[in-house]
Amino acid sequence: MSGTYKATGINLKGMPFGETDRLLTVLTREYGLLRAIAPGARKHESSLRGRSGLFVVNQLLIVKGRSLDKITQAETLESFAGLSQDLAKLTASQYLAELALYQALSDQPQEELFALLCDSLRQLEQLPSVHTLPFLTQTAFQLLALAGVAPQVHACCVTQEPLIPNFASPGWFVGFSVAAGGTVMREALQDLPIAPPSSETTEATSSRAAESTGSYSVNAAKPTELRLQLDAIELALLQELADRPVQDAIEQLPDHLPAPDHPAWRLIEQILRHCAEYYFERPIRSASLIDVCFKPVESFV
């Protein structure tokens, strides 16, 4: 890049820098991930104040520096102010931003990732709140697929035999193993090596993992193996997410798949979360708030 360059980017992180500046982490279409100073952005009268906010898309003019580049001009192209009006949507947006940050590269174009994230935030802002968790789950799968680490869900990772959900048999299930790469036939699951157990489990998956072998750890420095059983509905849901075009709206899911408030969505989200943490070797920090936002309402006597 030359001494001064232009880029279109979305702000994914921001933190105070010096007395009045802000240090931004920006995903740009042209140059990938970059960190740049927004000088004076914390001053009330600064033109960069609103343009340095979270999830604001700007056309930027940037000057290269020795250690950090500096934003000299910013023209806002789009913002997603509606996300801040809904805690679940805002948390889901932060979750997706973390996934984008973990896979974004620097000093090279990231057009597909940039477009996927902006399109997703645009759709999420307009969705009814009840569809937030299904949409988060769908987009998380798409981001993992873009990074090349989405789980295999149509065939057994061990035998490569196709897996077809059997809705007629209540006791039917397949296995899932993050270390193996995705779904595993019931018979093959028993032959996989067992990872060392972890003392940390999430509320939503601890009971399911107890029925299988293996363990689940969310915020460990090195996530352990996740191994559990998926019934026909859960496998069908994973396969549908793998097959859906990016532009398809989440409201258009087939009738045989669960409603937005079905517990299968929470399980699939946490499976994909663990896949991300396992492959990127970094925790999704906003996930704990996702658990709070979508915790089932308990009945009181």
*In the set Ala220, Ala249, Ala209, which member is at pLDDT below 70, over 19 Å from Thr139 (Cα atoms), surrounded by fewer than 17 Cβ atoms within 10 Å (Cβ to Cβ) and under 24 Å from the mean Cα position of the chain (by Cα)?*
Ala220
_the range 158-189, subset in a loop (DSSP other than H, G, I, E, B) and under 23 Å from the mean Cα position of the chain (by Cα), residue surrounded by the fewest Cβ atoms within 10 Å (Cβ to Cβ)_ = Ala179
*Any idea which of Ala155, Ala115, Ala74 is in the same structural domain as Phe294 (by TED's automatic domain parsing) and at pLDDT 95 or above?*
Ala155
*Could you please give the count of residues in the range 15-45 that are under 19 Å from Gln59 (Cα atoms) and not in a strand (DSSP E or B)?*
6
*Filtering the range 151-189 down to residues that are of a type outside the set (Val, Ile, Thr) and free of Cβ contacts under 8 Å to residues at least 12 places away in the same chain, which residue is nearest to Thr137 (Cα to Cα)?*
Pro162
*Might you let me know whether the range 104-120 holds any residue that is farther than 24 Å from Phe17 by Cβ, of a type in the set (S, T, N, Q), surrounded by fewer than 19 Cβ atoms within 10 Å (Cβ to Cβ) and within 16 Å of the chain's Cα centre (by Cα)?*
no
*asked:* Against the conditions (1) at pLDDT 95 or above; (2) under 29 Å from the mean Cα position of the chain (by Cα); (3) surrounded by fewer than 22 Cβ atoms within 10 Å (Cβ to Cβ), where does Asn11 fall short? Just the number, please.
replied: (3)
*For the range 82-103, what are the residues that are of a type in the set (Gly, Ala, Ser) and buried (at least 21 other Cβ atoms within 10 Å of the Cβ)?*
Ala92, Ser93, Ala97, Ala100
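The values are calculated or read from the model by the stated rules, or taken from the named source; none is laboratory data. Not measured: the values here are computed from a predicted model. Neighbour counts are summed over all protein chains in view; Cβ atoms, including those assigned to glycine, are modelled from backbone coordinates with ideal geometry.
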